[in-house]
Number of protein chains: 2
Amino acid sequence: MYELFFQKFQEKVPLTDEEQEQIKAYLTPKKLRKRQYLLQEGEVCKAIAFVERGALREYSVDNGSEHILQFAIEGWTISDLFSFLTGEQATYNIDALENAELVLITKSAHEELLKKQPKYETYMRLLITGAYIALQRRLTSNISLPVEERYTSFTEMYPDIAQRVPQHMIASFMGVKPETLSRIRKKMAERK
Amino acid sequence: MYELFFQKFQEKVPLTDEEQEQIKAYLTPKKLRKRQYLLQEGEVCKAIAFVERGALREYSVDNGSEHILQFAIEGWTISDLFSFLTGEQATYNIDALENAELVLITKSAHEELLKKQPKYETYMRLLITGAYIALQRRLTSNISLPVEERYTSFTEMYPDIAQRVPQHMIASFMGVKPETLSRIRKKMAERK
DNA sequence: AAACACTCTTGACTATTGTCAATGAAACGT
DNA sequence: ACGTTTCATTGACAATAGTCAAGAGTGTTT
């Protein structure tokens, strides 16, 4: 259990066996069925979730339409960080696109680990730094590139997600309507 | 010197006088004239810059058109983090919109501080976490909201920047053409 | 003071994306 | 295996944003 979690952890920060055991004591496993919520808008986000198996999404809802902020498949971490850290109401929803097995770091576990295990803080720092850089790139491509190029770069960057997730969710992730993505794919196919 | 830097630092992580002196030894002051580059695409980003006075922007260039990723005024931090951390070529440019006074943390200072001063690591973690959360919100509003609402929320969130920076740069930041922003402002004014 | 660069606005036109509605195919649950 | 939901596609039309070109107002430089 927690194999993938510690594999990803150790890619960033190596751990001795004892350190790993120490950290393990703070983790909570959780299973989620497809369509089940991990977090709903308005609740307080009580954990950071690492995906051991399955696929989740994080999204906001605006006038009834969903906007996907993030996907998370095996090896990824997902949370409403703002709500988690401040205790304020979450503005995002998180639910499972497939049955999933998660490793949860609860708020209290997070705080204890920050106090007791410097390597945890380092891991968190590196994790968020990587997420930040990825998000900067996504934003840059969003304000710079036409939809078609954003779509091809998405499928090249995340071919696994592109295959596992319905098209209209990729459209939502990209910030366009499903019909628009469908037409763009058609044009691309015709050109080939 | 470095007043604002340490004020912002201590808002996140309190320091003793000795700790502050220790950290101060790693900082480098730098002045930048209006239009001067701090970083050019293709170079390696050699420092994280904190703005004591003035205003900078970070932007990418695509087919000759500029796309502003970030503004930074007093109290903000700016860098091409990816290039800084990996030593790869920068994909962003950073230059001064006004004469500016900066506090630089060079790569070697950054590494030494991470080793020697745990509070520096904590500060960095919190700094990036805050930046990450802000960026998530910006992306959410980019994929969710029409341009007009993005513009009003920008001016409400950053009234200081909205006043100091030319309109076409705000358009670039929002990912629309200057003409479009101009027309949206006109519509808004007519409705009032 | 004249020349220049920069910024913002506006108009006419084009391109892209969204909306609404309908259809067929595939996947899902029982 | 059946009915139900979910998904993707398409068409006709509307709304939004981009392109190109021109002009006016500012402020700066020399």
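The values are calculated or read from the model by the stated rules, or taken from the named source; none is laboratory data. Computed from a predicted structure; not experimentally measured. Ideal geometry is used to build each Cβ from the backbone, glycine not excepted, and the neighbour counts take in all protein chains shown. All accessible areas refer to the heavy atoms of the entire protein, side chains included, with ligands and DNA or RNA removed. Shrake-Rupley method; radii C 1.70, N 1.55, O 1.52, S 1.80 Å.
Observations
- Residue-averaged 222 nm ellipticity for the protein assembly as shown, from DSSP H runs of 4+ at -39500 (n - 2.57), nearest 500: -16000 deg cm²/dmol
- Of A:49, A:109, A:134, the one that fluctuates the most in a GNM where chain A has Cα springs shorter than 10 Å: A:134
- Neighbouring partner chain Cβ atoms per residue of A:109-121, average, 10 Å criterion: 1
- Close amide H partners of residue B:39, meaning residues 5 or more places away or on another chain with modelled amide H under 5 Å apart, are B:94.
- When the surface is traced with a 1.4 Å probe over the full set of protein chains, residue A:83 keeps roughly 0 Å² accessible.
- Shape class of the range A:145-192 from the alpha-carbon gyration tensor: rounded, with the ratio a/c of largest to smallest axis under 1.5.
- Over 20 Å (Cα to Cα) - which of A:12/A:119; B:30/B:116; A:119/B:119; B:8/B:119; A:46/A:115; A:12/B:8 fall in this group: B:30/B:116; A:12/B:8
- Acute angle (nearest 10 degrees) that the helix A:118-144 long axis makes with the longest principal axis of chain A, alpha-carbon atoms: 10
- Other residues with beta-carbon under 9 Å from the beta-carbon of residue A:104 carry, at +1 per Lys or Arg and -1 per Asp or Glu, a net charge of +2.
- Amide hydrogen neighbours beyond the local backbone of residue A:62, cut-off 5 Å, H modeled: A:67
- Shortest-first nm distances, residue B:12 label point to equivalent points in other copies (7 Å, Cα→Cβ): 1.5
- Over the range A:145-192, relative contact order from alpha-carbon pairs under 8 Å, at least 6 apart, %: 28
- Space enclosed by the convex hull of the alpha-carbon atoms of the range A:41-192, per residue, Å³: 121
- DSSP bridge pairs, chain A: antiparallel proportion in percent, nearest 5: 100
- Gaussian network model of chain B, Cα within-10 Å springs - most flexible of B:23, B:78, B:68: B:23
- Mean projected area in nm² (Cα convex hull; one quarter of hull surface) for the range B:1-116: 7.2
- The angle between the Cα long axis of helix B:178-191 and the main principal axis of chain B comes to about 60°, on a 0 to 90 degree scale.
- Inter-chain shielding of A:123-136 (mean C-beta neighbours from other protein chains, 10 Å cut-off): 6
- Amide hydrogen proximity for residue A:98: with H placed 1.01 Å from N in the peptide plane, the residues at 5 or more positions away or on another chain lying under 5 Å are A:35, A:55.
- The value of relative contact order for the range B:3-144, using C-alpha pairs under 8 Å at least six residues apart, is 31 percent.
- Starting from the label point of residue B:86 at 7 Å along Cα→Cβ, the same points in the other copies fall at 3.1 nm, in ascending order.
- Euclidean distance between Cα centres, the range B:113-192 to the range A:119-166, Å: 19
- Helix axis angle, B:3-12 relative to chain B longest principal axis, alpha carbon, degrees: 90
- Global form of the protein assembly as shown, assessed from the alpha-carbon gyration tensor, a/c cut-off 1.5: oblate
- Between identical copies, the spacing of residue B:155 label points, each set 7 Å from Cα toward the C-beta atom, reads 4.1 nm from nearest to farthest.
- Highest GNM mean-square fluctuation among B:29, B:178, B:118, for chain B modelled with Cα contacts below 10 Å: B:118.
- Farthest toward positive dipole pole in chain A [+1 Lys/Arg, -1 Asp/Glu at C-beta], among A:6, A:94, A:180: A:180
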